[in-house]
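Below you'll find the structure, written out as structure tokens, and then a few comments.
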Amino acid sequence: MNILITGVAGFIGSSLAEKLVELGHSVFGVDNFDTFYKKETKLSNLHNLMQSANFTFLEGDICNKELYKNKIFKHIDIVVHLAARAGVRPSLEIPDKYYESNAIGTIELLEFAKREKIKRFIFASSSSVYGKNPNSPWKEDSELMPISPYAASKISAESIGKVYAHLYNIQFIALRFFTVYGPKQRPDLAIHKFFHKIYNDQAIDFYGDGKTYRDYTYIDDIIHGLIGALFSEELNENFMCFNLGNNKQISLAELVTNIEKIIGKKAILNYLPEQQGDVRSTCADINNSAKYLKYNPKTAIEEGLQSFNKWYLTQNKIN
Ligand code: NAD
């Protein structure tokens, strides 16, 4: 199949593209190398893919209507839309930019999908849409109580996706990812930052009392979920929404202890109050994903952290 991946130079996009090329698909990737983190890191994410004859890359912004005139947008079978401004905290500083990339950008891509009669459109949503809803594990129909502009931009994109699904018969599948980690993880995310800082004897910003909880999900499990969403023949509605989490929580304090054990060094903690926009606890109900996507996350946090560490050490010289 011909598969378009937006945000292909990012953590999840490049990991998915590698898997799809390995499975024999033709992957067309778009990315604008936004400045949220270094372009060199994103180029390095693309390095192996660029060697493959089944991978085509186009640098560009999904918000730019001109982009869609490029010939790569012909003959696409399925869209996987991962491009976004992805950090939660910065979204409080530049909410308009988040809305533009994440919501307006999704509309531009849906317009392309409408013109080209794309049958299936997979969208990267986020656990943050549930926000301060206290009743976790969250099911897909749990109340959405967002507390950041980032989360609101993802809800807007889901919502416009539902409208296009209804009006134009595009099957829109929203996948709500729960804190994804593993090799190539974004440098702004906690696990990556913690490894980096502990290895380099720098203090970790430790928000709150350590009793905030996250449902960390390993990248290979997320990729299995994405593959399920791409190829499942059991998705019989035009708009469907699925949680991709691990259904297991660990606290911030436990996370740090686990990383300290792997590195063999104590972390220096810089205690700070909880951050605005951060939710206290996340946990996914994954019964629907198991049923429709055959989703079955297998990676325990200790194992996932070990493979992150292995990857990290190949990328960085440690003193
Ligand atoms: P990432 O930042 O590594 O990848 C996103 C990519 O999108 C980047 O390479 C960026 O340059 C690109 N991009 C941003 N705006 C663009 C635009 N306007 N046009 C073209 N490209 C653009 O992030 P990631 O962690 O790989 O996340 C991928 C998707 O999954 C995002 O939509 C994110 O919101 C969502 N998500 C991620 C997590 C997680 O834990 N990583 C959790 C929930 C949801």
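Every number in this text was worked out from the coordinates using simple rules, so none of it is lab data. Everything numeric here is computed off the predicted structure, so don't read it as measured data. In this analysis, Cβ positions are derived from the backbone assuming ideal geometry, glycine residues included, and neighbour counts consider all displayed protein chains.
Points worth noting:
- Distance from the range 18-44 to the range 103-167 (C-alpha centre basis), Å: 22 Å
- Residues of type lysines that residue 119 reaches as a straight line, Cα spacing below 28 Å, ignoring anything fewer than 8 places off in the same chain: 19, 65, 69, 71, 74, 139, 154, 162, 291, 294
- Between residue 309 and residue 188, the FRET efficiency from the beta-carbon distance, with R0 = 30 Å, is close to 0.95.
- The distance linking the range 251-319 with the range 172-200 is 8 Å (Cα centroid to Cα centroid, whole angstrom).
- Rounded to the nearest 20 debye, the dipole magnitude of the range 109-268 is 300 debye, with +1 charges on Lys and Arg beta carbons, -1 on Asp and Glu beta carbons, and the Cα centre as origin.
- With the simple spin-label model, which puts each label point 7 Å out from Cα in the Cβ direction, the residue 275 to residue 168 separation comes to 3.5 nm.
- A Cβ-based charge dipole, computed about the Cα centre of the range 227-319 with Lys and Arg at +1 and Asp and Glu at -1, lands at about 480 debye.
- For the range 207-254, the equivalent ellipsoid derived from the alpha-carbon gyration tensor has semi-axes of 31, 12, 7 Å in decreasing order.
- Other residues whose C-beta falls under 14 angstrom from the C-beta of residue 142 contribute a net charge of -3, scoring Lys and Arg +1 and Asp and Glu -1.
- In terms of other Cβ atoms within 10 Å, 1, 50 run from fewest to most in the order 50, 1.
- Dipole moment magnitude, nearest 20 debye, the chain about Cα centre, only Lys, Arg, Asp, Glu C-beta charged: 340 debye
- Between the residues 161, 177, 62, the greatest Cα displacement towards the positive end of the dipole of the chain, with unit charges on the Cβ of Lys, Arg, Asp and Glu, is found for 62.
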